[in-house]
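A short write-up of the structure that comes next.
Every read-out reported here was derived from the displayed coordinates using simple, explicitly stated rules and does not represent laboratory data. Note that the structure is a prediction, hence the values are computed from the model and not measured. As a convention, Cβ positions derive from the backbone with ideal geometry for all residues, glycine included, and neighbour counts pool all protein chains shown.
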Amino acid sequence: TLLSLPLRGLYRCQLTNRILPDLLPNLSYLRALSLSGYCIRELPDSIGDLKLLRYLNLSDTFIRSLPHSTSKLYNLQSLLLYDCVALSVLPSNMRNLINLRHLGISQSNLQEMPLQMGKLTNLRTLGEFVVGKGSGSGIGELRDLLHLRGRLSIRNLKNVIDTGDAMKANLMDKKDLDVVEMGWSSDFDDTRNQSVETDVLNMLRPHRNLQQLVISCYGGTSFPSWIGDPSFSNITDLELDHCKNCTSLPPVGVLPSLKNLAMREMIGVKHVGVELYGAGIVSVKPFPSLESLQFEGLLEWEEWFFPSTHDDFEIFPRLLKLSIRNCPKLLRKLPGHLPSLEELVIFECPQLTVSLPNLPSSCEIDIKGCKEIAFTNSVDLTSCTYFITRLELINCDIDALMSLLNEGRLEHVVDLKFVSIKKCPQFLTFPNLCLLKTGPANLRLLFSSCSSLTSFPSIILDLYIRDFKYSLLEGIMHINNTSLGYLHINWCPSLTSFPKDVLPATLETLRLCNCENLESLSEVTMPSNMSLRHFHVINCRNLKSLPEGLHNLTRLETMEINECHSLVSLPDGWLPASLVSLSIVGCNNLNLMPLSEWGLHQLTSLRELTLGGGCPDLVSFPECLLPTSLTSLSVQDLPNLETLSIGFQYLTSFKQLQIAYCPKIKFLPGEELLAGLSALNIWNCPVLKERCKKGKGEDWPKIAHIPFIQINGLRLLQNKSTDNCPSKEDVWIE
């Protein structure tokens, strides 16, 4: 009854063109078939011979069309085609599938529905209906589909030219629909008829049980009255998207259960006024349940008015999030009192002066690209941000920034954990953080593109420095920290070397990334009592030397030296015995001592080892090179490597092996040496690829037992024991 080729954890697996044509004719009793996620582009005509098939899942495949024989599957109840982005047409005789209950076609490329879809009166789930230009595929075909439930998305409503056809759709009687999406077309050209579209939307009034409504690319100038009808007492979510011709908003403030309201790309709206709240219904408090309010891309919006009959407290009593993005002409103030607000987001509103309202103490504020942020005497950070955990300042005026940091506005902040300052070129120094009640030793700081900064706070936990073009070296010299645990320096071309003794003993992680002019770390002193656990140097292309004394770091667990093309040597005795993970990749000019002299076998805690690039003389791994604790080995870009060590037999914990870009490697170790492997990954090793071909290659017997084998990105499926193999009528492909 089921067909099964289990693909646990896999994605996009390939089925060759002959598998299904050979397989399906032998499965005449099959009742359920799922090929979801496979790289298939077509089904054979023999699919129509599976007369007992009730369930067919082709979701997330590259199917372009279904064979016409699919229309002969008269017992089919579920046809799932979700996320078939290449699917452009359904079989013309779909109307014959009279037992079909679930047709899932969301996120496809369908241009219209087949003719006479209205005959599928047993449909419960449709998901999407694409309006065609002909009468047989028009929206009126929805009339008799009275059992539809869940979500229904109606696309291409621009093709409806007869308002009577919209009335035939009879959405008002489809009481089990929870979500309705109505979409016209993003092309607002001369073929659009505003009057017709207004009438069509008016006729498409859904049942009052509706919970979510989305209207997109509607071309009318106003919305019908039913959108703000209080009888829609179950609506919780409303989205109005890209309705460019509308000049006003519907009175949705009277919807008693509305929680989420989003309005995007409404470029005809200049004023948001009292009509939004439901003017004239004096007895109703507007937006009693609203939790999220979003405005985005209202390019002509200038003013936001509030009803005079209600005080501010009654307008948005439960609002948790207010987001205003890309409204370049908005001038007027925000609502004055938002007692429940947890998140305020304002992006790219250059004319807007944001006078922060009386916010609750736990509100998170994110403001970018605005004319001004005003902290009034009556409402300032000491009262409205007492429990702020994250403060981000971008492209700030230096006077305003220093006023915020120096004038006692942070004194009462008890939960501040993260401060980010970006693109503040005149910012010179960070103020004394001892005033913070949060405890500055728990503070994480990020500085980016602050070109004049010359010193850093003396008491912080984490410091992330990015995009410093000029003054970084001088600033780093002033780090005199007693609690710094994490230091990350990224994209800082001004950094050429580290000052001596700059690293505090408390430092646990040091990351140096993309510092193109960094040449030396040899001056850095690393005391043996240092807490350093993670040391990363990545893509510092001019780096020539590493710090001395690495071997003295008794707590170091991770060392990563990658893409440092100018590094030519490593310090003597550079490997600390505590290492758990070691990666040396892309250091092509590194003149390494022979691997046999590294002393890797003495690293009794080492579990992960990655070697790649350089080592031009490495032809094979010497015996007894690796520690018995090793669980994972990756070798890559070793152009002359031919063989791996027979010493693998001593690696009792060895689980994962990756070999990449080693063109001369001739064969794998013996089967007994790979007995414990659970994963093998081979990339761009042409000789190994041939030797590891399933069932054919000379090395296949060595690896056939490994559960996960991947060659050049393609997962090889393993044969399962036939002792408990299901019959061909009891198989599933998923």
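Whole-percent P(r), the range 538-650, all Cα pairs, 5 Å bins from 0: 2, 12, 21, 27, 23, 12, 3, 0.
Counting only lysines at least 8 places from Lys51 when in the same chain, those with an alpha carbon closer than 25 Å to its own are Lys72, Lys119, Lys728. Along the range 22-32 the Karplus relation, 6.51 cos²θ - 1.76 cosθ + 1.60 evaluated at θ = phi - 60°, assigns HN-Hα couplings of 7, 8, 4, x, 8, 10, 5, 9, 5, 10, 9 Hz to successive residues, with x for each Gly and Pro. For the range 96-154, the alpha carbon positions stretch 25, 23, 18 Å along the principal axes, listed from largest to smallest. Each Lys or Arg adds one and each Asp or Glu takes one away; over the other residues whose Cβ falls under 11 Å from the Cβ of Asp241, this sums to -2.
Rounded to the nearest Hz, the phi-derived 3J(HN,Hα) couplings of the range 559-573 under the Karplus curve 6.51 cos²θ - 1.76 cosθ + 1.60 (θ = phi - 60°) are 10, 10, 10, 10, 6, 9, 5, 9, 5, 10, 8, 10, x, 4, x, where x marks glycine and proline. Short to long, the 10 Å bins of the Cα pair-distance histogram for the range 120-208 hold 18, 54, 24, 4 percent of all pairs. In sequence order, the range 508-516 has phi-based couplings of 9, 9, 10, 10, 10, 10, 6, 9, 5 Hz under the Karplus curve 6.51 cos²θ - 1.76 cosθ + 1.60, θ = phi - 60°, and Gly or Pro positions carry x. Proximity of backbone amide H atoms, modeled 1.01 Å from N, is registered between Leu126 and Leu103, Arg149 at under 5 Å, excluding neighbours fewer than 5 places apart on the same chain. Taking a ≥ b ≥ c as the square roots of the eigenvalues of the Cα gyration tensor, the range 150-196 is oblate, since a/c reaches 1.5 or more and a/b is not larger than b/c. Residues whose amide H comes within less than 5 Å of that of Leu532, counting only those at least five positions distant or on another chain, are absent (H built at 1.01 Å from N in the peptide plane). Take the Cβ atoms of Thr554 and Trp226, set R0 to 51 Å, and the FRET efficiency comes out at 0.10. In the range 209-282, the ratio of gyration radius to Kirkwood radius, Rg to Rh, stands at 0.94 when only Cα atoms are counted. Based on alpha-carbon atoms, the Kirkwood radius and the radius of gyration of the range 64-176 give Rg/Rh equal to 0.93.
Here, P(r) means the percent of Cα pairs in each 5 Å bin from 0 to the largest distance; for the range 174-305 it is 2, 10, 21, 24, 21, 14, 5, 1, 0. Identify all lysines with a Cα-Cα distance to Lys655 below 17 Å; exclude those on the same chain that are fewer than 8 residues away in sequence. Within reach: Lys702. Legend: residue pairs Lys158/Lys244; Lys422/Lys544; Lys368/Lys423, Cα-Cα distance threshold 19 Å; pairs beyond threshold, Lys422/Lys544.
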